[in-house]
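Trainee: What follows is a structure written as structure tokens; I'll ask about it next.
The values are calculated or read from the model by the stated rules, or taken from the named source; none is laboratory data. This one's a predicted model, so the numbers in the text were calculated from it and none came from an experiment. No Cβ is skipped: glycine too gets one built from the backbone with ideal geometry, and neighbour counts run over all protein chains shown. The protein model used for the area step is the full one, side chains on, heavy atoms only, and it has no ligands, DNA or RNA in it. Shrake-Rupley method; radii C 1.70, N 1.55, O 1.52, S 1.80 Å.
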Amino acid sequence: WYRNKFGSPIEKAKLQFFEYLLGFYVPERFGLGLVGESLRLIREQIEKGRTYIDLTKAAKNGWISVFRHNKFDLQGMAFVLNAIIRQTSN
């Protein structure tokens with residue numbers, strides 16, 4: 001779709017590239033590179049045998065950040081695919 005419409009991409013064809021191109025914006029606090037530390041913290045605590053209820057406040061907040069980040073990933077992918085379908089069916 002992109003190559004047919006615009007030619008070769010000027011950067012790597014990642015989800016964020018297509019989201020920006022098509023008008024789907026992810027809040028910076030849920031964007032790229034922000035969930036790794038949360039995942040490490042959660043993983044460490046789970047490895048120690050903690051359940052969700054026993055996680056520290058920081059780990060629970062991290063869990064929420066990971067969830068919202070993934071939610072935006074799914075919403076962004078749906079947005080991109082629906083935009084492509086709309087544009088190719090015209």
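Trainee: Give me the accessible area of T51, 1.4 Å probe, in Å² rounded to the nearest 10.
Mentor: 70 Å²
Trainee: Might you tell me the accessible area per residue for the chain, computed with a 1.4 Å probe and given in Å²?
Mentor: 77 Å²
Trainee: Which GluC sites (Glu not before Pro) does the range 5-50 hold that lie in a coil by DSSP with at most 12 other beta carbons within 10 Å?
Mentor: Here the sparse-neighbourhood loop sites are E11.
Trainee: When each pair of different Cα atoms in the chain is counted once in the 1/r mean, what is the Kirkwood radius in angstroms, to one decimal?
Mentor: Answer for the chain: a Kirkwood hydrodynamic radius of 15.2 Å.
Trainee: Can you tell me the 0 to 90 degree angle between the C-alpha axis of helix 36-47 and the longest principal axis of the chain, rounded to 10?
Mentor: 40 degrees
Trainee: Considering every pair of different Cα atoms, what Kirkwood radius, in Å, is found for the range 1-53?
Mentor: 14.2 Å
Trainee: Using a 1.4 Å probe over the heavy atoms of the protein chains, calculate the carbon and sulfur portion of the accessible area of the chain as a whole percent.
Mentor: Answer for the chain: carbon and sulfur cover 55 percent of the accessible area.
Trainee: State, as an integer percentage, the relative contact order of the chain based on alpha-carbon contacts under 8 Å between residues 6 or more apart.
Mentor: Averaging sequence separation for qualifying contacts and normalising by length gives 39 percent for the chain.
Trainee: Among the trypsin sites (Lys or Arg not before Pro) within the range 46-90, which fall in a DSSP loop and have no more than 11 other Cβ atoms within 10 Å of their own Cβ?
Mentor: K48
Trainee: Name the lysines eligible as straight-distance cross-link partners of K12: C-alpha to C-alpha under 25 Å, and not fewer than 8 places from it in the same chain.
Mentor: K71
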